[in-house]
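As structure tokens, the structure follows; a few thoughts come after it.
The values are calculated or read from the model by the stated rules, or taken from the named source; none is laboratory data. Predicted model only: the values in this text are computed from it and were never measured. Positions of Cβ are generated from backbone atoms using ideal geometry, with glycine treated the same way; all protein chains shown enter the neighbour counts. Just the protein is used for accessible areas: all its heavy atoms, side chains included, with ligands, DNA and RNA removed. Shrake-Rupley method; radii C 1.70, N 1.55, O 1.52, S 1.80 Å.
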Amino acid sequence: MITLYHGSNELFDVPDPRRGRRGTDFGQGFYLTPDFDSAAGVAGLSVMRSGCGRKIVLCYDFDEDRAIEFGLRRRSFGALDAEWMAFVIANRMADRTAADHNIDCLYDVVDGLVADDKIVMLLRRYQRGELTQDDILGILRQRPWRTVQYSFHSRKAIMCLSRKEVVYVD
């Protein structure tokens, strides 16, 4: 069992991966993190962007054994490497021609490091030919923090989550 957190500005009973934004790191889905503070930060951004609601962190248990029993297709990225970078670029750019992507929910669950706005700027410079892949990976490896995210892309994957509690953040 892994405890994961989802930051939001609204309370809901059952997560719906189809409500997630397109063009995200691991494809459209329901995103969580094992870091409570990161989820609380996302909740704050959600309130600010929408102009309504409260900062809410929803706490879930992810039953990995159940995911295996269900035969979920899972993609895990353990490091900032060329595979992770290509996967994120393909999903953010909706590039179905890429060797590996999750635009069409090929994977039920994906986990790996977050590509925040600063990383996205580096990826854009890479696409324009201003930086090489080695340049970007070198810069990223120097960053002092690493935020992990889990994304859930199917109803079957959502069934492996059980909500433990709801925390209202001040």
*Residues of the range 56-86 being open to solvent by 50 Å² or more (accessible area, probe 1.4 Å) and either among the aliphatic types (A, V, I, L, M) or within 30 Å of Glu165 (Cβ to Cβ) (or both), which ones?*
Glu64, Asp65, Arg66, Ile68, Glu69, Phe70, Gly71, Arg73, Arg74, Ser76, Gly78, Ala86
_Among the residues listed as Gly27, Gly53, the single one being open to solvent by less than 30 Å² (accessible area, probe 1.4 Å), in contact (Cβ under 8 Å) with a residue 12 or more places away in the chain and touching a strand residue (DSSP E or B) at 6+ places or on another chain (Cβ under 9 Å)_ = Gly27
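Yes or no: Lys156 in contact with a Cys (Cβ under 7 Å, 6 or more places away or on another chain), of a type in the set (Lys, Arg) and under 21 Å from Asp65 (Cα atoms)?
Values: in contact with a Cys (Cβ under 7 Å, 6 or more places away or on another chain): no; of a type in the set (Lys, Arg): yes; under 21 Å from Asp65 (Cα atoms): yes.
When the stated conditions are applied, Lys156 does not pass them.
Considering only the range 114-137, state which residues are open to solvent by less than 40 Å² (accessible area, probe 1.4 Å), assigned to a helix (DSSP H, G or I) and touching a Ser or Thr at 6+ places or on another chain (Cβ under 9 Å).
Within the range 114-137, the first condition is being open to solvent by less than 40 Å² (accessible area, probe 1.4 Å), and the residues that meet it are 114-116, 119-120, 122-123, 131, 136-137.
Keeping just the survivors that are assigned to a helix (DSSP H, G or I) gives 119-120, 122-123, 136-137.
If the condition is that a residue be open to solvent by less than 40 Å² (accessible area, probe 1.4 Å), assigned to a helix (DSSP H, G or I) and touching a Ser or Thr at 6+ places or on another chain (Cβ under 9 Å), then no residue fits.
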*Just need a number here: residues in the range 87-113 that are assigned to a helix (DSSP H, G or I) and either among the hydrophobic types (A, V, I, L, M, F, W, C) or surrounded by fewer than 19 Cβ atoms within 10 Å (Cβ to Cβ) (or both).*
4
_His153, sole failed condition from (1) closer than 19 Å to Arg18 by Cα; (2) in contact with a strand residue (DSSP E or B) (Cβ under 9 Å, 6 or more places away or on another chain); (3) open to solvent by 30 Å² or more (accessible area, probe 1.4 Å)_ = (3)
*List, please: which pairs have Cβ atoms under 7 Å, are six or more places apart or on different chains, and start with a residue in the range 149-160 that is among the polar types (S, T, N, Q) and end with one that is open to solvent by less than 10 Å² (accessible area, probe 1.4 Å) and in a helix (DSSP H, G or I)?*
Ser154/Pro17
*Give the residue, chosen from Arg163, Arg143, Arg125, that is among the basic types (Lys, Arg), out of contact with any helix residue (DSSP H, G or I) (no Cβ under 7 Å at 6 or more places or on another chain) and modelled with pLDDT of 90 or more.*
Arg163
